[in-house]
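The values are calculated or read from the model by the stated rules, or taken from the named source; none is laboratory data. The shown structure was predicted, so the numbers you read here are calculated from the model rather than taken from an experiment. Glycine also receives a Cβ, built like all others from the backbone with ideal geometry; neighbour counts cover every protein chain displayed. Quick note on the areas: whole protein, heavy atoms, side chains included, nothing else; ligands and nucleic acids left out. Shrake-Rupley method; radii C 1.70, N 1.55, O 1.52, S 1.80 Å.
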Amino acid sequence: MTIQPSVCVYCGSRAGANPAYAGDAEALGYALADNGWRLVYGAGDVGLMGLVARAAQYAGGQTFGVIPVHLMQAEVGKRDLSQFIVTENMHERKKVMFMNSNAIVVLPGGAGSLDEFFEVLTWRQLGLHAKPIFLLDTDGFWQPLVGLIDHVIDQGFAEPSLRDFVRVVQDVPTLTAALRAALS
């Protein structure tokens, strides 16, 4: 039996100011389904989260959502997923999402997406995992973050290898090709 590769997607519970963010979220949902990869995400039906999930479902993909009980109402827990898990807190949510994925993709988002990104990046830096981490840099959204990572390295707070743990991709077709290579 072949185990279906799973891609953890961190992204905003809002759609953001630029319509391109929503377009890329939907395109990613379709790409995940088209490639037979299961979506692992925060189980919300709002913002970019909802767009990725609905696109993946529409295209026939498998969806695995994890939401803490305190966000069920605010993020509109999407109960019609292939798998839907309610956790007691955010820490458990992040752990379950990470443990059930083979790669991480970060779309535009806010403080929560940054928290999730920095946690998996730190774990990678510490050698706790070797899962690929991708930033989908829609219209340059992540360039300030890339600059901050470079600044941290330049100022001696991290080894240059930190930058190598993150792959910045400009669009969904490039991301899809990179995921294919990483998950094969």
Select from region 1-22 the residues that are open to solvent by 70 Å² or more (accessible area, probe 1.4 Å) and at pLDDT 95 or above and write down the one among them that is farthest from residue 109 (Cα to Cα).
-> 19
Taking the residues in region 97-111 that are within 19 Å of residue 25 (Cα to Cα) and out of contact with any strand residue (DSSP E or B) (no Cβ under 9 Å at 6 or more places or on another chain) as candidates, determine which candidate is surrounded by the most Cβ atoms within 10 Å (Cβ to Cβ).
-> 110
Options 162, 114, 179, 145: the member that is open to solvent by less than 40 Å² (accessible area, probe 1.4 Å) and closer than 28 Å to residue 62 by Cα | 179
Specify which of the listed residues (33, 25, 53) is touching a residue at least 24 places away in the same chain (Cβ under 8 Å), crowded, with 24+ Cβ neighbours inside 10 Å and either among the aromatic types (Phe, Trp, Tyr) or more than 14 Å from residue 175 (Cβ to Cβ) (or both).
-> 53
Long-range neighbours under 7 Å by Cβ, at least six apart or interchain, first residue more than 23 Å from residue 182 (Cα to Cα) and at pLDDT 95 or above within region 142-169, second assigned to a loop (DSSP other than H, G, I, E, B) and open to solvent by 20 Å² or more (accessible area, probe 1.4 Å) | 153/160
Condition met for residue 139 (touching a helix residue (DSSP H, G or I) at 6+ places or on another chain (Cβ under 7 Å), in a helix (DSSP H, G or I) and touching a residue at least 60 places away in the same chain (Cβ under 8 Å)) | yes
From the options 112, 147, 156, residue that is out of contact with any Pro (no Cβ under 8 Å at 6 or more places or on another chain) and assigned to a loop (DSSP other than H, G, I, E, B) = 156
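So which of 94, 78 is among the basic types (Lys, Arg), open to solvent by less than 20 Å² (accessible area, probe 1.4 Å) and either under 16 Å from the mean Cα position of the chain (by Cα) or modelled with pLDDT of 95 or more (or both)?
94 is the lone residue from the list that is among the basic types (Lys, Arg), open to solvent by less than 20 Å² (accessible area, probe 1.4 Å) and either under 16 Å from the mean Cα position of the chain (by Cα) or modelled with pLDDT of 95 or more (or both).
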Meets criteria (out of contact with any helix residue (DSSP H, G or I) (no Cβ under 6 Å at 6 or more places or on another chain) and surrounded by fewer than 24 Cβ atoms within 10 Å (Cβ to Cβ)) for residue 72 | yes
Which of (1) open to solvent by 30 Å² or more (accessible area, probe 1.4 Å); (2) within 26 Å of residue 43 (Cβ to Cβ) is the odd one out, the single condition residue 152 does not satisfy?
-> (2)
